[in-house]
Amino acid sequence: MAKMTLAELKALRDDKKKEINRRDTDAHDVTIIVGMGTCGIAAGAKDAMSALIDAIKEHDLNNVTIKQTGCMGLCHSEPTVDIKAPGMPATIYGKVDAEIAREIIVKHVIGKELISKYVLDRPASDIMKEQN
Amino acid sequence: MHYTLCDSILDLYQNSVEANSKNVIMDFIQSESSLIVNIKDDGKGMDSDTLNRVKDPFYTDGIKHKNRKVGLGIPFIIQTAEMTDGSFNLKSVAGKGTELNIVFNLKHWDTPPMGSIVDMLISAMSMDGDFEFVFNREDRERELEYTVSRAELIDVLGDLTRVTNMILLKEFIASQELDN
């Protein structure tokens, strides 16, 4: 692989776009939010995000958005991954390393199956209000 | 402290983004014995009082997290730089912006590993917000030099939070990191 120029990057992007448009997808968007606060970064959120990207590439999914957020108050369970996928409940996974990140793509996004061991419950909203 | 230097740098960069900067410039200059990182932003900056207190891990402005008593980002980096015979310099003017100059001593036993520059840049480039980020990379030992601009990449790829674009971004940045 040689160094890529911006023009080559643009050509690749155009090819990819054509390919995506050609496919008959009825897929709904999947949104993944990775906790990238100091706590998340310290716990390896960057590795988790990189593994998510690689797994999405490997399984050729083209309907996924990855956003990053600061600390969500779940520092004890970082890296956290908050995921909204069609046909699945909005879920937060905790202690997501590279391997669990791959599992999230394969089992949760593609297989529509919760990975119970790593699911974090949201704190009840009344408790949240009391604290604030 | 953070596990890798790139983790520490990403953490500091995020401060610039969260300070509503329109422009963030980062120099990342590596030689055999040192890594110099300069981060300059035009965000909201800090007054001299805040600037003094921000180095204290038990200080936080309380805006981001109401009930929190600690702010660890900057103290982490000071600890890492100073305990490994590096240096850390923070200048800021309220309303104008902030400038950080850090030197990591790559020869010290206790200096954390470099970490992945590619992953750091993917995360930095794809953070939400309307701002420009210019990354100037130099590796003197490998005679490697390149500059990437977030605005140019968005212009070419579009939304950088779409994973199809992130995959291309990753390929692009990884190719810049190749030996000449």
Subject >> Residue identified as more than 8 Å from chain B (Cβ to nearest Cβ), outside any strand (DSSP E or B) and out of contact with any Cys (no Cβ under 7 Å at 6 or more places or on another chain) among A:A55, A:A42 >> reply: A:A55
**OP:** May I ask you to list the residues in the stretch A:87-106 that are part of a loop (DSSP other than H, G, I, E, B) and in contact with a Lys or Arg (Cβ under 9 Å, 6 or more places away or on another chain)?
**Re:** A:G87, A:M88, A:A90
**OP:** Determine whether the stretch A:66-81 contains at least one residue that is at the interface with chain B (Cβ under 7 Å from one of its Cβ atoms), surrounded by fewer than 19 Cβ atoms within 10 Å (Cβ to Cβ) and part of a helix (DSSP H, G or I).
**Re:** no
Original post:
What are the residues in the stretch B:145-170 that are in contact (Cβ under 8 Å) with a residue 40 or more places away in the chain and buried (at least 22 other Cβ atoms within 10 Å of the Cβ), if any?
Top reply: B:M166, B:L169
**OP:** Any residue in the stretch B:1-16 that's facing chain A (nearest Cβ under 7 Å) and under 12 Å from B:P113 (Cβ atoms): show its pairings with residues that are polar (S, T, N, Q) and surrounded by 20 or more Cβ atoms within 10 Å (Cβ to Cβ) at Cβ separation under 7 Å, as long as the two are six or more apart or on different chains.
**Re:** B:H2/B:S8
Original post:
Looking at A:D47, A:D60, A:D97, which one is within 28 Å of B:L12 (Cβ to Cβ) and facing chain B (nearest Cβ under 10 Å)?
Top reply: A:D47
**OP:** Scan the stretch B:1-56 residue by residue and report those that are surrounded by fewer than 19 Cβ atoms within 10 Å (Cβ to Cβ), more than 23 Å from B:D139 (Cβ to Cβ) and of a type in the set (D, E).
**Re:** B:E18, B:D47, B:D49, B:D56
**OP:** Those residues that are part of a loop (DSSP other than H, G, I, E, B) and at pLDDT 90 or above, I need them from the stretch A:1-28; list them, please.
**Re:** A:K3, A:M4, A:T5
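The values are calculated or read from the model by the stated rules, or taken from the named source; none is laboratory data. Since the model is a prediction, treat every value here as computed from it, not as a measurement. Heads up, the Cβs are rebuilt from the backbone with ideal geometry, glycines too, and the neighbour counts pull from every protein chain shown.
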